[in-house]
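A.B. asks: Take this structure, written in structure tokens, and hold onto it; I'll ask about it next.
The values are calculated or read from the model by the stated rules, or taken from the named source; none is laboratory data. Since we're looking at a predicted model, the values are computed, not measured. Please note: Cβ atoms are built from the backbone with ideal geometry, for glycine as well, and neighbour counts cover all protein chains shown. In case anyone asks, the SASA skips ligands and DNA or RNA and just uses the protein heavy atoms, side chains included. Shrake-Rupley method; radii C 1.70, N 1.55, O 1.52, S 1.80 Å.
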Amino acid sequence: QRGRVVERGGEVRRADLRRIVERHRDLAREGRTVAVHHGDGQVSGPTADPAADPSGDPAADPAAEPRDPAAEPASERLQRYLARAGVASRRKAEVLIEAGRVTVDGSVAVLGQKVAPGQRVRLDGAEVAARTEHRTFALHKPPGVLTTASDQRGRRTVLELLPHVAGLHPVGRLDRDSEGLLLLSTDGALTAALTHPRYGHVKTYRAWCGGGVVPREACRALEAGVELDDGPARALRARPAPGGVVLELGEGRKRQVRRMLAAVGHPVERLVRTHVGGLALGDLAPGAYRELGPEDLRRLGYTPGKPDARPSRTASEPRERASRRPREEP
């Protein structure tokens, strides 16, 4: 809505408004007080002082019956429900909700809404059942194949290389010319945990360059950071290798490895991603895939049901602060 939103005397940006609204809804459902200060001295909603208005807080009313959280039905945010169902990642699920394509018990859903067991969720009229078990695959993506679910121009995509599994989607990206380890999953929470910039999940690349072995001076420059057209970028680790270099990155921008090596005068001729966290490509042949098990997920630092777990790493350097970049990989 237009106008200022003020909380505790400070102005809140429009980008933060949605998070504040969701938080206030949660507090209200828990029976806690919420006060909105409009900047003109007026306050809407229950008072922020429980002592002045005990009716706003059940805990402040001795006669109020205590709440039993265990007796309340378990609920979860709608975007997380959709992600567990394999419909999309949480971020894309938010887009679907905002577009009015999702309904709960026949009513158009709103962002931040929670869904409880027994409620019926539909996407474009089709019922969505939350998935309890997910499937995740490791694919050796060959060059020339697109990392997308479909292509309007009829070009080959990574999903054509795997069996048909409802809700299966790529976890991150590899550009068309690159090859190597690519994960695909039905688990939206896993996708969020492995691709969100705040986790800085380490990925390892083996590059062959036109000039042969990348010298140590260039590797030190890559570790110190190079300037790209979308901002500075640095490798967590860079070491010379026959015919090129091995790089470890804590972030993923569009064609980042290629642009970084071009910036130090060593254009890439071939690029293979060999590791995602502690998970290795191994001896998978180009175009081949395998389904991941619990031990593989552990190597990724991911525990189902705990999507915010820290990822495993392969680099010894301190974690690089990842900027909020598009989740397209080098």
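A.B. asks: If Arg122, Arg135 are ordered by their accessible area, calculated over protein heavy atoms with a 1.4 Å probe, which sequence runs from highest to lowest?
C.D. replies: Largest accessible area first, the list is Arg135, Arg122.
A.B. asks: Which distance in nm do the two modelled labels at Ala288 and Arg91 give, with both placed 7 Å along the Cα-to-Cβ direction?
C.D. replies: Those two pseudo-labels are separated by 3.3 nm.
A.B. asks: Once the piece of chain linking Asp177 and Arg120 is laid out straight, how much longer is it, given 0.36 nm per residue of separation minus the C-alpha distance between them?
C.D. replies: The span from Asp177 to Arg120 would gain 16.3 nm if fully extended.
A.B. asks: Gap in Å between the Cα centre of segment 95-170 and the Cα centre of segment 245-275?
C.D. replies: Cα centroid to Cα centroid, the span is 30 Å.
A.B. asks: Same structure again: What distance in nm separates the simple spin-label points at Ala241 and Ala224, each placed 7 Å from Cα in the Cβ direction?
C.D. replies: It is 2.4 nm.
A.B. asks: Measure off, as a whole percent, the carbon and sulfur share of the 1.4 Å-probe accessible area of segment 132-218, all protein chains present.
C.D. replies: The C+S portion of the solvent-accessible surface of segment 132-218 is 46 percent.
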